[in-house]
Amino acid sequence: MPEANRLNILDFKKKKQAGEKITVVTSYDYWSAKIISETDIDCILVGDSAAMVMHGHPTTLPATVEMMALHTAAVARGAKNKFIVGDMPFLSYRKSLTENMNAILAIMQAGAQAVKLEGADGNEELIRHVVDSGVPVMGHIGLTPQSVFQLGGYRVQGRDEKSREWLLDQAKRLENAGCFSIVLECIPDELAVEITQALSIPTIGIGAGSQTDGQVLVLHDLLGLFKDMKPKFVRRFLDGYELIREALGDYVESVKDQSFPSKEESYQSAPAAKAQAAPGEKDPGKLYPGGS
Ligand code: KIV
């Protein structure tokens, strides 16, 4: 049973207590979830960054509940052994209680084991209700991309004393409301340390230094799939953009010089296939030998 290996929210806390780092990465589709399912990554975030990296929008604001549910369902099919957090999209949890809960229902029924929402102000009552309803909630403070216009752009948060105190207070309030962990995005590392030490729940950093209880990165950033923008907190563990571009170039060349498809990559008529069949090969008409 692949679910048996899946982390749960108690493991998150245990990892913090044991000083074991928690690794989180975003995923939005079946194929990348499948690859992640074969790694030691602890948790997948189906982030509303999907609106940007999968759909080409300039912000996360165009993400909808339907969009997030679709991505969550694909990821859940690909990574049955991973703890999946579904991001609640822009304003989907700032409406009536019924609408908020229906949005959360859609994400959970798509296959998430928890939801994430941004900010503490105005969310604490809902978080208590959601947690009391049996749904784990991950908080998210610092640079909260859904508030990009209120924040005056994508900027590091908590750099002065007033906002440092405000963020520390937000973190404590999210813990009190029942969050099982909190994302700290783009804050000074000293503040991330202060928040991490003040909380009993794990902090997951992105652009928040190395001393948080875990790290999260957008998959496309860590695979180097975008060339244009790279904030300094991103490390590209692969030059995916160039590798994919080169592979596509090789494909075009191979088609043009007719080296693709080769004889081995082509089908033959039944008598010719029979003559060439490898020993034990039963049905050369089958696309997936051994499969259906
Ligand atoms: O949507 C997302 O990918 C996120 C991470 C950057 C934390 O919220």
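Going toward the positive end of the dipole of the chain, with +1 on Lys and Arg Cβ and -1 on Asp and Glu Cβ, which of ALA112, LEU287, TYR241 do you reach last?
The Cα lying farthest towards the positive end belongs to LEU287.
Grab the alpha carbons of segment 76-188, take their convex hull, and tell me the volume per residue in Å³. All intermediate terms of the calculation are to be shown ahead of the outcome.
Numbers: hull volume 12.3 nm³, N = 113.
Hull volume over Cα atoms, normalised by residue count, gives 109 Å³.
Give me the accessible area per residue for the chain, probe 1.4 Å, as a whole number in Å². Each step should come with its number before you reach the end.
Working: 16040 Å² over 292 residues.
Ligands and nucleic acids excluded, the figure is 55 Å² per residue.
Longer than 29 Å from Cα to Cα, which of LYS14/LYS162; LYS34/LYS263; LYS21/LYS116 are they? Say none if no pair is.
LYS14/LYS162; LYS34/LYS263
Tell me, what % of the accessible area of segment 230-292 is carbon and sulfur with a 1.4 angstrom probe? Walk me through the intermediate numbers first.
Values: 3270 of 5710 Å².
Carbon and sulfur atoms account for 57 percent of the accessible area of segment 230-292.
Considering just Cα atoms, how many Å³ per residue does the convex hull of segment 142-292 enclose?
Details: hull volume 32.8 nm³, N = 151.
Looking at segment 142-292, the number lands at 217 Å³ per residue.
Rank these residues by their accessible area, most exposed first, probe 1.4 Å: TYR241, TYR93.
Numbers: TYR241 90, TYR93 10 Å².
The most accessible residue leads, giving TYR241, TYR93.
Report, ordered by chain and residue number, the aspartates and glutamates lying within cross-link reach of LYS172, taken as a straight Cα distance under 15 Å and ignoring same-chain residues fewer than 8 apart.
GLU118, ASP121, GLU124, GLU125, GLU194
Scaled to the compact-protein estimate 2.2 N^0.38 Å, what is the alpha-carbon radius of gyration of the chain, rounded to two decimal places?
Numbers: Rg = 22.7 Å, N = 292, 2.2 N^0.38 = 19.0 Å.
Dividing the Cα radius of gyration by 2.2 N^0.38 Å gives 1.19.
Report the Stokes-Einstein translational diffusion coefficient (µm² s⁻¹, integer) for segment 127-199, Rh taken as the Kirkwood radius over Cα pairs, at 37 °C with viscosity 0.692 mPa s.
Numbers: Rh = 12.8 Å.
Estimated via Stokes-Einstein, D reaches 257 µm²/s.
Work out the FRET efficiency for ASP250 and ALA278 from their Cβ-Cβ distance, taking R0 = 30 Å, and round it to the nearest 0.05.
Values: r = 27 Å, r/R0 = 0.90.
Result of the calculation: an efficiency of 0.65.
Using only the alpha-carbon atoms, how far is helix 240-256 inclined from the longest principal axis of the chain? Give it as 0 to 90 degrees, nearest 10.
20 degrees
Measure off, as a whole percent, the carbon and sulfur share of the 1.4 Å-probe accessible area of segment 124-208, all protein chains present.
Values: 1770 of 3750 Å².
Percent of accessible area from carbon and sulfur atoms in segment 124-208: 47.
The values are calculated or read from the model by the stated rules, or taken from the named source; none is laboratory data. The structure displayed is predicted, hence computed values, not measured ones. Positions of Cβ are backbone-derived with ideal geometry, glycine not excepted, and every protein chain shown enters the neighbour counts. The protein model used for the area step is the full one, side chains on, heavy atoms only, and it has no ligands, DNA or RNA in it. Shrake-Rupley method; radii C 1.70, N 1.55, O 1.52, S 1.80 Å.
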